[in-house]
Each structure stands twice: as structure tokens, then as C-alpha cells.
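The values are calculated or read from the model by the stated rules, or taken from the named source; none is laboratory data. Predicted model only: the values in this text are computed from it and were never measured. All Cβ positions, even for glycine, are placed from backbone atoms using ideal geometry, and neighbour counts span all protein chains on display. Accessible surface areas use protein heavy atoms only, side chains included; no ligands, DNA or RNA. Shrake-Rupley method; radii C 1.70, N 1.55, O 1.52, S 1.80 Å.
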Amino acid sequence: NTGLLELSLGKFRNVLLNQTNPVEAVLRNIASNVTVVIFQVHSQQSDVVISFDKNPSVNSSGTGVDKGLVSILRPQQSVCTWYLRSLDASQVLSTALSIPYMEKDPIPGGCNLEFDLEVDPNIYLDYTLVDIRIKFAPANLGYARGANPPSCDSGTGQNSRWRLRYDVYQYFLPENDLSEMVLMSHIRKMSEVQSIRANGIKMLTLTTDDKTNVYFSSLPGQGVIYNVIVWDPLWNTSAAYIPVHTYACSFADLVDNCSSLSKLSTKVFFTAIAVLGLFTCFFGHRFWKTDLFFMGFIFAGFFFFVFITRVTGLGYDVRLILTAVAGIIGGLFLVASWWRFGSVLLCMFIIGLVLGFLFSSTVFFTPLGDYRVFRDDVVFWVTFSSVALMIPVLFVGCPRILNILASGIVGSYAVILAIACYVYTSLAYITLNLLRRVLNDYFSRAYTNVPFQTNDFIILSVWIMLALSGVTVQLRRERSEVPFPPHPYLTWKRERERRSTNVLDPSHHIPPLRERIHNKLLHIKEFFQKEQPAGERTPLLL
């Protein structure tokens, strides 16, 4: 049995598909000035087969969650037919749409030389945990019904397809929402030229000389829709490819699926850092050694994680445990360095670098980071390092202010990273994008735009509130105190000399440590010895 789906041009129709019974989609009464009809179907996670024939072949069908076909109309043709079915045994909710184009409109995928369909309007998407790649076939110029299509290789002049331009658009679905109906309602906004321009974010424009593939930063758990508009500058006409969506994660995996992305080890690691960061945010300067440990932990942990990821193939959980150990050692080393040498300048340089790295990462988190000049790694890292080093240089004359700012801002951001383990927020990508750029040689080619929605504004407000509160509390509390505690090693050394020379000091008469330990052990030994039996006693002899 074949179901029937009656279509109208430009109108979406929701349809339930299954594996056994294909659905016949019919479009009737097509106007004579329409030369091309693009038919498309979308589902959230289950592949759908779309074809010209009831028995699909490789060259006449497409399979995926976002697929479309181009029907080149013959003279006098007023009816188009396509066939739909799912690959899953269970029913799959999908939405279908047919869009008409005229003879002066460019034809998406009309000069396809790479994929199976002769005319392929589809966008092909691949993703990893790091980046997303979209590819599409070049378009051709439009032409009248019954005419021969323009040659794809006839030349590179203004009368050929080489005059066409491609605008790539991005659209973010609502954060923390993985429902089917939300996707179906929003993908409609990215299907036709006018709505794409009204709702999408234009990321870049490609010419026919450019490769038709683009890279974006991956956002696991966040729904994103991509589409391309091909524009003919001579006739000022446009046509849209088939929109494609991704969540950069799997719905089917039992572990680390789209609903539970953060590993338990990640949650434990960043929750522990957040507790220490929150304490540092409000009390970092007062508890100077704790502040040093926190900053040393971050500094050593970051560089060790980069190193161990680059040179080993260890699993993520093992690397995270080793990073925690390295961070603890780094924190203790910074505290020990302060205790032994008392160098405020060295400690403040490390603390300033941590704040500088966060500040520089925030600068490149803005649209500034997507400027083409920063695709070059040398330009990026020289600029990034210069901005990061600017912080300790600017505050070299007021180290107490620098430390209070660093503890307040960095400590409060640690809380934001912990929140990101439980609720999606784009603010986590301030530092995550930096880590990706360090670890992946080709991440420089990816556009790093992220959504900024209600959830992000709330969490940004929390970050600002915590940072301002922490800095204000510390500035008020420490304004009448000495800038930094005295050098601990010299203080201990002077105290020891004073005790050894001042006989009036009670501590002068305290036995040495070795003797005190020996006496304590003798006392414990006597406690466990059995009492000797009482024998005959002769008081007179005594």
C-alpha cells in the first residue's frame, strides 16, 4: 500500500513515515512560469529515503535526515511526484516542502560533479566533537523549460556560472531543547530565501573560485541549522539549498548521548574547582596561599592537559586524573616558591598570566575572533599572547589590585564552568575554543560563532555579579591591611634565631624536636607495660 500526500507550493506538510509503506507525494497544478521545483523532507534523527521512483536507485534518490530533490520541469508539465519512506521500522515524524523557481533563478547543485544525483541541492554535513564541516555542489544558471542547461565548464566570464555567489547562513535552535516539534517549526525559517535572510546569521560569502565547504566549531547538544543561498548578481535572483541540521551528538548512544553529554569525571573535576574558585573569589587575597594554590593549579593543569593530549593516546578520564594531579603539584609548587623565596613579582606574573589568558580568550570569543586575518596561526597566537601579557604589564605597579581582580574574575568563571557541566551555556566556549585551537591543527579554519540566548544572559549576569561582589568585598576588607603577608621563610628564620638566643623566652627552654619525640615514645611504652607484681616489702629496711 502506498499513502498519498497532496502538496501545495511553499507550504509545509507534516507526515508520518514507516519502512514498509512508502508515501507518494504529489504536487499538482504547477504554473507554466515555474521551471524548477525543489522538494525536500526533514526528520530529527531517523534517516528518510526520498526518490523520483517507487523503487529508488542511487542516481534517483537520497537518504538522510535532511534531503531534497530537484525536478527540472518539461514543457507543459504541471504535476510532480516523489516517493518517501523511512529506514526505521517505527513511525518517523517528518515535514515536507516543495519550493518553485523561475527560469532566471539559479539552480542549486546544478553543476554537481561529486555526488550521485545529477542535480544535487543537498548540503552534506559531517561533525566531530571539535568541528562541523558542510559541503555542497556548485550551482548552475537558470534556464527555460525545454532548453538545454548552460554548460558548467564553458568559461569563467560573466555569462557563465562563475558569476554566482554563495551566502552561508547559520541558525541556532533554542538552547536545551531537543524536541522534534521545535526542530520542525524552526527548520521552516531556514528553507526559503526570504525567511533565511530574515532569521539566519550570515557567516560568509563564497565565490565560484572558493571551495564549496565550510567549517564551524562543534557545539554538542546545541541544535544548529545551516543553509546556503546562491545569488545571481546579473539578474539579482536567488535560490536556497536544502537546509541541514545537527546537534553534534548522537541520540542513539547509551552513554554520552545528546541528553547527557558531560562525563561524571568532568562534573566531579569542575565542581571541585568551582568550590575552590568560589572561595577564592571572595577570600583569595586574605588567604594568600590558597589563592596561589588555585592559580598554580589552573596554570599547571592547563599546560599539562595540552601536553599529555598532544603526545599520548590516553583516554579522557585518565588524562583528567593526571591533569588534576599535575594541577595539585603546580599549586603546591607555587605556594612553596612563595614560602622559600617570597617573590611577589613571580607569583603575580603567574596570576596575571591566568587572568590575561581569560581576558584574551574573551576577546576572541566575540565576533572579532572570526575575522579572516586570525585564520593564520602566527597572527592569532602573536595577537593572543600580546593581549594576555598586557594584563600583568599594566598592573605591574599595583600587584594587590591585580591579585584581587584575578581571584574575583577567575574564581567566579570557575563556577560558570561547573554550571556548564549540568546546563548548556555558550560561556564555556570562552576557554574551550582556546583549548581546541591549541590541540587541533586545523581548528583555525572553523567559524566559532555560538548562540547567546536567555540562558546565557542569566549565567552571564551570575558571573558578573559574583566577580563584582568578590572584588568589592576584598577591596573593602583589604584596604587597611598590608598589601601582602611578609616573607614566610625569612620570618621563620628570624623567629628561630630569636628563640635560640633569648634565654628569657620560654620557647628557648623547650627541648629539641628529636628529644621531645623520644620522651613521648617512652611515655607511650610505659603506658602499655604490665605492672610488676607486688612482692614482700620491709618498710624498716627502707
D (Stokes-Einstein, µm²/s), Kirkwood Cα radius, the range 264-478, 0.692 mPa s at 37 °C: 184
What residue among Thr454, Val335, Gly155 has its Cα farthest toward the positive end of the dipole of the chain, where the charges are +1 on Lys, Arg and -1 on Asp, Glu, each on the Cβ? Val335
So, with +1 on the Cβ of K and R and -1 on the Cβ of D and E, and no other charges, what is the size of the charge dipole of the chain about its Cα centre, to the nearest 20 debye? 1880
Compactness of the range 332-377, expressed as Rg and Dmax over alpha-carbon positions, Å: 16.2, 47
Restraint check, Lys67/Lys189; Lys289/Lys520; Lys11/Lys189; Lys135/Lys202; Lys11/Lys67, Cα-Cα greater than 21 Å: Lys289/Lys520
Reach of Lys267 by Cα under 18 Å, taken over aspartates and glutamates that are not fewer than 8 positions away in the same chain: Asp256, Asp317
Please flag any cysteine in the chain that has no other cysteine's Cβ under 4.7 angstrom from its own Cβ. Cys80, Cys281, Cys347, Cys398, Cys421
Show me 30-36, 371-377, 87-93 ranked by packing, highest mean number of other Cβ atoms within 10 Å first. 30-36, 87-93, 371-377
Working note, the chain: Cα radius of gyration (Å, one decimal) and Dmax (Å, whole number) are 34.1, 143
For the range 1-79 and the range 393-414, what is the separation of their Cα centres, given in Å? 61
Counting other Cβ atoms within 10 Å, which trypsin sites (Lys or Arg not before Pro) in the range 395-482 have at most 15 and lie in a DSSP loop? Arg479
Rounded to the nearest 0.05, what FRET efficiency do Val378 and Leu345 have when you use their Cβ-Cβ distance and R0 = 45 Å? 0.90
The answer for the chain, accessible area per residue at 1.4 Å probe in Å², is 51
Taking all protein chains as present, what is the carbon and sulfur share of the accessible area of the chain, in % to the nearest whole number, probe 1.4 Å? 61
Can you show me the helix-derived [θ] at 222 nm for the chain, built from DSSP H runs with n ≥ 4 at -39,500 (n - 2.57) apiece and divided by the number of residues, rounded to the nearest 500. -13500 deg cm²/dmol
So between Gln45 and Gln91, what do we pick up on full extension, going 0.36 nm a residue minus the alpha carbon distance? 15.4 nm
Can you find, among Pro106, Ile132, Ser262, the residue sitting farthest towards the positive end of the charge dipole of the chain, where Lys and Arg contribute +1 and Asp and Glu -1 at Cβ? Ser262
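Place a +1 charge on the Cβ of each Lys and Arg in the range 264-478 and a -1 charge on the Cβ of each Asp and Glu, then give the dipole magnitude about the Cα centre in debye, rounded to the nearest 20.
For the range 264-478, the charge dipole is close to 280 debye.
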Scan the chain and note any complete DSSP helix (H) whose C-alpha atoms cover at least 18 Å along its axis and whose Kyte-Doolittle average is -1.0 or more. 264-283, 288-311, 316-341, 344-365, 377-394, 399-420, 454-478, 513-528
Using only alpha carbon pairs under 8 Å that are at least six residues apart, calculate the relative contact order of the chain and give it in whole percent. 11
Mean-position separation - Cα centroids, the range 143-157 and the range 185-231, in angstrom: 26
Extension gain, Ile328 back to Lys104 (0.36 nm per residue minus Cα-Cα distance, nm): 74.0 nm
